[in-house]
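J.: Here it is, the structure in full.
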Amino acid sequence: MMQMDRRPCLDEFEKLLVRMNTPRVMIDNAACVNATLVMIDSARKDGNLLEAVQVLSDLNLLIKKGYVSSDGRWNMDVFHVTNLDGNKLTDDSIINCIQHSLGTIHNTRFKSIDGMTAIELTGTDRVGLLSEVFAVLSDLKCDVVESKVWTHNGRIASLIYLKDCDSGCPIDDSQKIEGIEGRLRNVLKGDNDIRSAKISVSMAVTHTERRLHQMMFADGDYERTPIIKTSGEYAPSVSVQNCLEKGYSVLNIQCKDRPKLLFDVVFTLTDMQYIVFHATIDTTNNGAYLEFFIRHTDGTPISSEAEKRLLTLWLRAAIERRASEGVRLELCKADKPGLLAEVTRTFRENALNVTRAEITTTMGTAENIFYVTDAIGNHLDSKIIESVRQKIGPDYLRVKELPLAHGNHQKTQNEEGGLGGTVLLSLGSLLRRNLYYLGLIKSFS
């Protein structure tokens, strides 16, 4: 009896598996007047939304609008994105990077930090703390290659990547690591933080901003009271209600728009074991409005008022951590041992409080960003800023004032009308938008 050749069937089956596990990415510069459309069509998998948003955020793209739908077994995400200047994407290298990264989203890796030692710090924030930290590392011959520092509600979290100054290699000597930990612990403790100061050293590869969120959450920043004055312009409005007939909890957020806002929200939801099934994201000059239809990973909606209150606190903290209070100072200077210690010492001597910092080193050049206020969170006097610039070098330290806060946000949909109408309208809009992008209808207006 002749055996039937099954190879064609196997080939088709393999093609189906590849199709199911490989997202289809479409980038369209013609459909929208002022933004580039990025459309991702893929089999539904928990975490896909976070990975997609992370790819776009890591490329420093602004997500101006977005529509997410992932009921059933399929997922459809549509994002309207621009560069930091608010323009469409025209750089082929960026477009190709989006295509490649989103098309291999199941295999997404974090930015490589191989060859560096990572130090995690959390503790009570105070004026001059960063200066003391970098002074210790300089004294111990540690070269800070990259670092991010966040502060929120009187707490500080920092992830610092460094090498040995002499060898240029990761620091793996256990005695030197113990010495670094001991000295930094003394700095973080100060006079009143004996219990909560935490330090750890590792060689693990991680996504810096994900880890900073986790560090600040573990430190309990979301339940603390601010100890310095803040402008309040980033104060988010967060509400959670249940739509029992649809089996969702409906989350609404309204706040000032800023880069990476969507990443911070989606990461927090994912890390807290919630799944986003539908979402709409809209930004205007007056702020950002985000709506999410979520469930627990077991498929159930939020069932208690206590959990709603906790989720509200978590999300407010996640949004506020990266809020940029103060004046933005940009340092661009040839790197050298002790440069960070020198710069932050000048800040401390002039009573500048660093609320957030991004430290990078590219081809031997230090490219650092600091957000600074006075000691109690007020806007800095221009004379003080100019004095600091003269001491560090006016050619190296540039000042970029933060934009003024926009007017009061409009009322959220839940404040203006009932939840039922909002949910039905949103779900209907999502369906129309997804049908439009799939080419099944001509308009979603």
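The values are calculated or read from the model by the stated rules, or taken from the named source; none is laboratory data. Remember, predicted model here, so these are calculated numbers, not experimental data. Note that we place each Cβ from the backbone using ideal geometry, even for glycine, and neighbour counts take in every protein chain shown. Ligands, DNA and RNA are excluded from the accessible area calculation, which covers all protein heavy atoms including side chains. Shrake-Rupley method; radii C 1.70, N 1.55, O 1.52, S 1.80 Å.
J.: Within the range 271-288, can you find the residues that are in contact with a strand residue (DSSP E or B) (Cβ under 8 Å, 6 or more places away or on another chain), in contact (Cβ under 8 Å) with a residue 40 or more places away in the chain and under 21 Å from H213 (Cα atoms)?
T.: I275, V276
J.: Additional query: Any chance the range 159-174 includes a residue that's outside any strand (DSSP E or B), of a type in the set (V, I, T) and surrounded by fewer than 16 Cβ atoms within 10 Å (Cβ to Cβ)?
T.: no
J.: Exactly one of (1) modelled with pLDDT of 95 or more; (2) over 22 Å from the mean Cα position of the chain (by Cα); (3) open to solvent by less than 10 Å² (accessible area, probe 1.4 Å) is unmet by F263. Its number?
T.: Failing condition for F263: (2).
J.: So is T300 open to solvent by 40 Å² or more (accessible area, probe 1.4 Å), hydroxyl-bearing (S, T, Y) and either outside any helix (DSSP H, G or I) or over 23 Å from V81 (Cβ atoms) (or both) or not?
T.: yes
J.: Look through V55, V33 and report the one residue that is buried (at least 17 other Cβ atoms within 10 Å of the Cβ) and either under 25 Å from F277 (Cβ atoms) or modelled with pLDDT of 90 or more (or both).
T.: V55
J.: What are the pairs, 6+ residues apart or on separate chains, where a residue within the range 130-150 that is within 23 Å of M215 (Cα to Cα) and open to solvent by 30 Å² or more (accessible area, probe 1.4 Å) has its Cβ under 7 Å from a residue that is β-branched (V, I, T) and in a helix (DSSP H, G or I)?
T.: If the second residue must be β-branched (V, I, T) and in a helix (DSSP H, G or I), the pairs left are E132/V187; K148/T208.
J.: Determine the pairs where a residue that is part of a strand (DSSP E or B), located within the range 360-387, has a partner that is of a type in the set (G, A, S) and surrounded by 18 or more Cβ atoms within 10 Å (Cβ to Cβ) with Cβ atoms under 8 Å apart, the partner being 6 or more residues away or on another chain.
T.: Listed pairs, sorted by first residue: T360/A366; N368/A357; I369/A357; F370/A357; Y371/G326; Y371/A357; V372/G326; T373/G326.
J.: Could I ask something else about it? Just to check your reading of the model, which residue among G66, G123, G72 is of a type outside the set (S, T, Y), under 30 Å from V354 (Cβ atoms) and not in a helix (DSSP H, G or I)?
T.: G123
J.: Here is a follow-up. Please give the number of the condition T344 fails out of (1) within 27 Å of V238 (Cα to Cα); (2) open to solvent by less than 40 Å² (accessible area, probe 1.4 Å); (3) of a type in the set (S, T, N, Q).
T.: Only one criterion in (1) within 27 Å of V238 (Cα to Cα); (2) open to solvent by less than 40 Å² (accessible area, probe 1.4 Å); (3) of a type in the set (S, T, N, Q) is unmet by T344, namely (1).
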